[in-house]
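Data block below; observations after.
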Amino acid sequence: MKDAKGRPVVVVTGMGVVTSLGQGKADTWSALTAGTSGIRQISRFPTAGLKTTIAGTVDFVPAEPFCAAQLSENFARLAVDEAISEAKIGTKGAFPGPMFIAVPPVEMEWPQREALARASGATEAVTYADLLRAADTGQFKDWHNLFLFGTVADRLADEFGTQGSPISLSTACSSGATAIQLGVEAIRRGETEAALCIGTDGSVQAEALIRFSLLSALSTQNDPPEGASKPFSKNRDGFVMGEGAAALVLESYESAKARGAQVLGVIAGCGEKGDGFHRTRTSPDGMPAILAMRGAIEDAGLTPDDIDYVNAHGTSTPENDKMESFGCMTVMGERMKSVPISSNKSMIGHTLTAAGAVEAVVTLLTLRNGRIPPTINYTIPDPAIPLDVVPNVARDASLRYAMSNSFGFGGQNTVLVFAREVKA
Amino acid sequence: MGEEQAGVDAVRIAFERIRAGQGDAFLVGGSYNAERADALLIYAMGGFLRHAPFAPVDQRADDPGLYLGSGGAFLVLEARETAEARGASILAVLKGVDSRRSRRVPGSVGAALGEAFKALPAASGRVAVMSGATGIAGITNEEIAALPAVPVRFTASRLGHMTEAQFPAGIALAVESLRSGALPAPAAGSSETEAEGEPEAIYVTSVGHMRGEGLALVVRAH
């Protein structure tokens, strides 16, 4: 079966997710629809003296050595395992398609630097010459690979047996959606019948937190932690870092049907638009985000009137939520005031690199279950945002089409449109 | 993939998106800043750096390894139709890009490149190779053994190893060689040989220091 543009229809046949609310779709979904927050006090490193001391950390997944790279790999593994088990595709260790994975930028963290410094024997001020001398001994060989960008993908490709060169990518906070877009496009151009699309992020480490803090991007309303992320509220004051991963098995509808797979939803359209205005700020006229939304809706062969629900980027920063609201109003017109839009980030925080994939899974569950997770912590409406944000309590609704927004720092905007069912 | 293969995959995906009509024009490339102690540290931990004085990539048996290099290389890839329609001058034609990943064991790089050469359209006329070899033991020799018997230029002998940027830079140098009608002169003290006549087709290789193998074929525009 082809879509309105004569391309293969791309469906989802397996999904897996890990968030601060739990491991797996069942736990995450029940907590999200109960309006539960996964934001908590950070316990993995000392936060004394920091402006922000909370995050949506995933504390139940071990990692050795404990660092963002290893944690991100371990989250992804759990999500992929769940997705492939659900899709029942291929054979164990042999996934019949390529992998597209959104991974956070990796770097050596303080514990590793300290280990090198100790090994160097330097006792006074430690310099890079000391660290290099320790590195040259070869006793830290494994850390070379650990801190390469491509390693998470390489290890997962070994384990799950994906085909070809796995694609690691980073488009900042739209990375997860970009991974899905690349999978959709590969299937549409007939390069493959199936693709494994992943977003993962375990970046809550001291330096990453401090960097976002220096950008004044984070909420500093630490008490209570679960009240900090307030998308679309007047008193919103920044995002809350979150962690997690999601994996989706994408297939051409023909391939899914031929093997009798269960279709969990359709990825009907993808839109992307770069914004060259500023490194972290969005274009004042909101056009790149607007064009990304329009592009996705058009790519799906739909019109704005077809969209029944918007899964917001909804970071809880003053700027994003205002711009996103304006963008949605521009695309959908007055009707937008009655189209439900909610932000999962109110509960799980901003899972950064993983967000687009995590929220794609949640959006597909929203369509499938006919129930919209709320935007929690919505007590002081922002008069500049005249939207139905599904405040505080989940809502039942029969939905056909949903749009999920991802707007990244650096002006990387990606929007996905999902359909509940394959149009006959 | 990250590192070297990111450059290969970026070019391949842009190429395939254009071929499939998913976009008319792409800006694709990579850049790398090697002049950071952190960058050296990562490669030092893995034991991939050459410490001895400079030698060309193919002459490093005494102390195999790479020198990192800073640089950026970007290409404008465009569908031929749209390029011609807007009157753009076509510098060269990208005939194919192959990106693959072998589980690294002795022999796997040579085998992967062998498969890659078979997967691309055959080159004809005066052929050359723009190699992105690193200088690392084993894999560099495997690559050299897998190359056709034509003039070769090793980009890392000139630019250092620019990781993500190496493959796009190799393509850019191949394009310029085709456009200008001459390969870069052989590097002093290397096995590179003089080429006779103007090159008509150039293969560009990439063998990642840890993983990933890539190959492109660029031919003259006219």
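Read the figures in this text as sums done on the coordinates, not as results from a lab. Owing to the predicted nature of the structure, the values given are computational and were not obtained by experimental measurement. A quick note on method: Cβ atoms are made from the backbone with ideal geometry, for glycine too, and the neighbour counts reach across all protein chains shown.
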Of every Cα-Cα pair in the protein assembly as shown, the percentage lying beyond 39 Å is 32 percent
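For A:Phe60 and A:Ala258, FRET efficiency with R0 = 35 Å and r from the beta-carbon atoms, rounded to 0.05?
On the way: r = 38 Å, r/R0 = 1.09.
Using R0 = 35 Å, I get an efficiency of 0.40.
What FRET efficiency comes out for B:Leu120 versus A:Ala397 if R0 is 60 angstrom and r is the Cβ-Cβ distance? Round to the nearest 0.05. Walk me through the numbers on the way to the answer.
Working: r = 52 Å, r/R0 = 0.86.
After rounding to 0.05, the efficiency reads 0.70.
Once the mean 1/r over all distinct Cα pairs of region A:1-84 is inverted, what Kirkwood radius in angstroms do you read off? Each step should come with its number before you reach the end.
Values: mean 1/r = 0.0652 Å⁻¹.
Answer for region A:1-84: a Kirkwood hydrodynamic radius of 15.3 Å.
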When A:Thr366, A:Thr192 are arranged by how many other beta-carbons sit within 10 Å of their Cβ, fewest first, they go A:Thr192, A:Thr366
Note to self: C-alpha centroids of region A:135-149 and region A:169-203 sit apart, in Å, by 28 Å
Residues of region A:186-221 with backbone N under 12 Å of the label point set 7 Å from the Cα of A:Phe45 along Cα→Cβ are A:203-213
Bounding extents of region A:68-147 in its principal axis frame from Cα atoms, largest first in Å, are 57, 19, 16
Per DSSP loop assignment and a cutoff of at most 14 other beta carbons within 10 Å, chain B keeps its longest run without exposed trypsin sites (Lys or Arg not before Pro) at B:104-222
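How much length, in nm to one decimal, is gained on full extension between B:Ser190 and B:Glu84, taken as 0.36 nm per residue of separation minus their Cα-Cα distance?
34.2 nm
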For region B:74-168, the percent of all C-alpha pairs falling in each 5 Å bin, from 0 up to the bin holding the max distance, is 2, 10, 18, 21, 20, 14, 8, 4, 2, 0
Here the whole-number average of other chain Cβ atoms within 10 Å per Cβ of A:135-145 is 5
Expressed in angstrom and rounded, the centroid-to-centroid distance over alpha carbons for region A:297-317 and region A:91-130 is 38 Å
At the level of C-alpha centres, the distance separating region B:53-118 and region A:211-233, in angstrom, is 45 Å
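Pairs A:Lys234/A:Lys273; A:Lys273/A:Lys345; A:Lys25/A:Lys322; B:Lys95/B:Lys118; A:Lys322/A:Lys345; A:Lys234/A:Lys337: which are spaced more than 20 Å apart, C-alpha to C-alpha? Write down the numbers at each step before the final one.
Values: A:Lys234/A:Lys273 28 Å; A:Lys273/A:Lys345 22 Å; A:Lys25/A:Lys322 30 Å; B:Lys95/B:Lys118 13 Å; A:Lys322/A:Lys345 15 Å; A:Lys234/A:Lys337 17 Å.
Among A:Lys234/A:Lys273; A:Lys273/A:Lys345; A:Lys25/A:Lys322; B:Lys95/B:Lys118; A:Lys322/A:Lys345; A:Lys234/A:Lys337, the Cα-Cα distance tops 20 Å for A:Lys234/A:Lys273; A:Lys273/A:Lys345; A:Lys25/A:Lys322.
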Shielding of B:6-14 by other chains, given as the mean Cβ count within 10 Å, works out to 3
For A:Lys2, counting only lysines whose alpha-carbon sits under 20 Å away and dropping same-chain residues fewer than eight positions off, the answer is A:Lys257, A:Lys423
When A:Leu78, A:Leu169 are ranked with the fewest other C-beta atoms within 10 Å first, the list becomes A:Leu78, A:Leu169
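Count the net charge of all other residues whose Cβ sits under 15 Å from the Cβ of A:Asp308, scoring Lys and Arg as +1 and Asp and Glu as -1. Each step should come with its number before you reach the end.
On the way: positive: A:Arg335, A:Lys337, A:Arg368, A:Arg371, A:Arg395, A:Arg400, A:Arg420, A:Lys423; negative: A:Asp305, A:Asp306, A:Asp388, A:Asp396, A:Glu421.
Summing Lys/Arg as +1 and Asp/Glu as -1 gives +3.
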Result row for chain A, helices from DSSP H with C-alpha axial extent 18 Å or more and mean Kyte hydropathy at least -1.0, is A:68-87, A:175-188, A:318-332, A:355-369
